[in-house]
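Read through the structure below, which is laid out as structure tokens, and then see the notes.
The values are calculated or read from the model by the stated rules, or taken from the named source; none is laboratory data. Since the model is a prediction, treat every value here as computed from it, not as a measurement. With ideal geometry, Cβ positions are generated from the backbone for all residues, glycine too; neighbour counts draw on all protein chains shown. Surface accessibility is based on the protein's heavy atoms, side chains included, excluding ligands, DNA and RNA. Shrake-Rupley method; radii C 1.70, N 1.55, O 1.52, S 1.80 Å.
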Amino acid sequence: MDRLHEYRTLIAKVDAKVADVTAHQAEHLACDRGCHTCCAPGLTVASVEAAAIAQFLGEHPDVAATAEALAKARPWQDTRCSFLNADGACSIYAVRPLVCRTQGLPIVVEGGQLTACSLNFRDGLNALPAGDRIDQKTLSTLLFVVDQRFGGGERVALTVDGVRA
Ligand code: SF4
Ligand code: SF4
């Protein structure tokens, strides 16, 4: 059995939910390739997410070479995630972590507050149907459980060196 099977299943479910909400709310979303304010530096990922990225880099030497070159060239001078390329696109898009997959959508954060990227939902979030809200606590709990079953561990820097450590 693939050690990352449960993580991949979780990601597939999250992607399906994201696709659903995106289809319903497309007119309120500015998210597009090249928009990257949300690709902040200093993010960390769960160990299972790091393992998935490291495995992908191992299987795709071209992507790994690009990621290594970006880490050296620092096209965004550390103002963005080190996996963001000079064109503003994610160099590991296929295996980007969970937090990047829900970015921009309406998220219910700790305390019940509903938030979204300031570039989206310019008319506000008040009329948003309950089914189009993503609950951060639920996502965090599911990822925690999957990560624990994978083996758990410290969170890992979202960098090419971090995920390979
Ligand atoms: S992994 Fe990709 S999508 Fe996520 S913050 Fe980095 S560049 Fe952006
Ligand atoms: S979340 Fe915001 S910054 Fe990120 S792609 Fe969407 S609109 Fe752009």
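Numbers at a glance
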read-out	value
Failed condition for VAL156, given (1) out of contact with any strand residue (DSSP E or B) (no Cβ under 9 Å at 6 or more places or on another chain); (2) of a type in the set (A, V, I, L, M); (3) under 30 Å from GLU68 (Cβ atoms)	(1)
Selection count, the stretch 39-58, where residues are under 12 Å from the mean Cα position of the chain (by Cα) and more than 22 Å from TYR7 (Cβ to Cβ)	1
Sole exception among (1) touching an Asp or Glu at 6+ places or on another chain (Cβ under 9 Å); (2) small (Gly, Ala, Ser); (3) without any contact (Cβ under 8 Å) to a residue 12 or more places away in the chain for GLY153, by number	(3)
Lone unmet requirement of (1) among the charged types (D, E, K, R); (2) free of Cβ contacts under 8 Å to residues at least 60 places away in the same chain; (3) more than 16 Å from SER91 (Cα to Cα) for LYS17	(2)
Candidates ALA71, ALA64, ALA12 - the one that is under 23 Å from LEU139 (Cβ atoms), of a type in the set (A, V, I, L, M) and in a helix (DSSP H, G or I)	ALA12
Residue match in the stretch 11-21 (condition: more than 14 Å from ligand 2 (Cβ to nearest atom), of a type in the set (Lys, Arg) and open to solvent by 70 Å² or more (accessible area, probe 1.4 Å))	yes
Residue in the stretch 82-95 that is under 22 Å from LEU10 (Cα atoms) and within 14 Å of ligand 2 (Cβ to nearest atom) present	yes
Test: residue in the stretch 57-77 that is free of Cβ contacts under 8 Å to residues at least 40 places away in the same chain and within 22 Å of SER118 (Cα to Cα)	yes
Residue match in the stretch 120-135 (condition: over 15 Å from VAL21 (Cα atoms), touching a residue at least 12 places away in the same chain (Cβ under 8 Å) and within 16 Å of ligand 1 (Cβ to nearest atom))	no
Near pairs, Cβ below 6 angstrom, 6+ apart or cross-chain, from the stretch 78-100 (buried (at least 16 other Cβ atoms within 10 Å of the Cβ)) to any residue that is among the charged types (D, E, K, R) and in a loop (DSSP other than H, G, I, E, B)	CYS90/ARG96
Criterion violated by CYS31 - all others in (1) out of contact with any Ser or Thr (no Cβ under 9 Å at 6 or more places or on another chain); (2) within 11 Å of ligand 2 (Cβ to nearest atom) satisfied	(1)
